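Structure first, commentary second.
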Ligand SMILES: [Zn+2]
């Protein structure tokens, strides 16, 4: 029916109806930004996969990992207090072999990877009866972009081991899982990744003294802090060797990633803010865990990253802690179900049960998959621009959310993405590309009702982890 054909009365009635319908639909049609549902739909396009990451993930080889573990086990013991100059037995033999293997990896890097022994004297401590020399083997693959090269990512395993007593330097301590598995994964990543060029710097590290009280990683983290190194993320791989737990569960498709919620180095004013508006679930370590879940599961099909929202297991610790305590984002990778008969035990057969950390209990294919989850995440971190810095959220009374941050000066930056999720959700559920700007307002979405983050994106679509905003100081008026 055409309006022109209506009589006057019908025409007025029609116009009233049209106006009324228009009024009803106004809040929904006045721009997609008014409706969170519309915003959710606007983020539909997922990032495309990075071909280099797909390739390096395929190059990680379980046979190399097995070879490393058997070699480390052949040192008899790698107790930090054991022999340092015997070429066959003790931690010194393991140290020298690892140094040589990292050098072989470096030889493939076109001069970009350098290997050093970071040696220091550890003073007497609870598990160190007399001053002892400790050595971390550290391979650094320098970034290739001048603005990104100082940005660092560290991945570690500990090459020391122990049997039942942490100060028994004589007993056999094969440490095939704890932690030859983590050390072998790191060495294999170094071998593969040395041949690739990343924007930022990656450090592959085998540390000593973990069983003596996280001593090697503490020293590294302390030096890093002293020298003000920009370590944006640290992964420790510790007990990633077995897919079969002491509970009988066989789970070769899952790895736990432990991340702390409240920052270990949180200040009292920061705690006050957190208690007021939340954020106990949004520490840098937790953003890192979310990032690993997103990237690792995308590049390693079949692997599930099981985020555990705690710093570590009950009564246990790991090499990520000294980093966390010094303000660096760090997480721990560990197999899903541990077998305590195979950790910190003298090798023995008792009532038909085999105790001891032997290579026969390792699953080399599983370790390779965990290494792939690590490698894909590290590669994405080092390809992508730095996560946005100094992200602030305006706190005035408004139903919009205004975010701002410092400009990222990296040459290949394309822009930024806002991510958000429901306050009870574990992972970011939505994202919106906003271009190369340093502030953005989400209209009609109240900061009170969601958690927001900002991430950087480069021209190839590589994305940084999200930065969680802190409330901007309130403007006085
Ligand atoms: Zn360990």
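The values are calculated or read from the model by the stated rules, or taken from the named source; none is laboratory data. Since we're looking at a predicted model, the values are computed, not measured. In this analysis, Cβ positions are derived from the backbone assuming ideal geometry, glycine residues included, and neighbour counts consider all displayed protein chains.
When residues of the range 226-242 are filtered for being within 16 Å of residue 332 (Cβ to Cβ) and touching a strand residue (DSSP E or B) at 6+ places or on another chain (Cβ under 9 Å), how many remain? Total satisfying the criteria: 9. From the list 183, 164, the lone residue that is under 23 Å from the mean Cα position of the chain (by Cα) and within 16 Å of the ligand (Cβ to nearest atom) is 183. Scanning the range 132-161 for residues that are within 16 Å of the ligand (Cβ to nearest atom) and part of a loop (DSSP other than H, G, I, E, B) yields 159, 160, 161. When the test is whether a residue is outside the structural domain of residue 451 (by TED's automatic domain parsing), touching a strand residue (DSSP E or B) at 6+ places or on another chain (Cβ under 7 Å) and either farther than 26 Å from residue 173 by Cβ or within 16 Å of the ligand (Cβ to nearest atom) (or both), residue 271 does not pass it. A single entry from 264, 242 fulfils the requirement of being farther than 26 Å from residue 383 by Cβ, within 16 Å of the ligand (Cβ to nearest atom) and in the same structural domain as residue 125 (by TED's automatic domain parsing): 242. Given the condition within 18 Å of residue 208 (Cβ to Cβ) and outside any strand (DSSP E or B), answer yes or no: does some residue in the range 115-124 qualify? Yes: the range 115-124 contains one or more residues that are within 18 Å of residue 208 (Cβ to Cβ) and outside any strand (DSSP E or B).
Each row is one residue, and each column tells you yes or no for (1) under 23 Å from residue 362 (Cβ atoms); (2) part of a helix (DSSP H, G or I).
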residue: 246; (1), (2): yes, no
residue: 252; (1), (2): yes, no
residue: 257; (1), (2): yes, no
residue: 266; (1), (2): no, no
residue: 272; (1), (2): no, yes
residue: 279; (1), (2): no, no
residue: 289; (1), (2): no, yes
residue: 297; (1), (2): no, yes
residue: 315; (1), (2): no, no
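Evaluating residue 210 against the criteria (1) in a strand (DSSP E or B); (2) in contact (Cβ under 8 Å) with a residue 40 or more places away in the chain leaves one unmet condition, (1).
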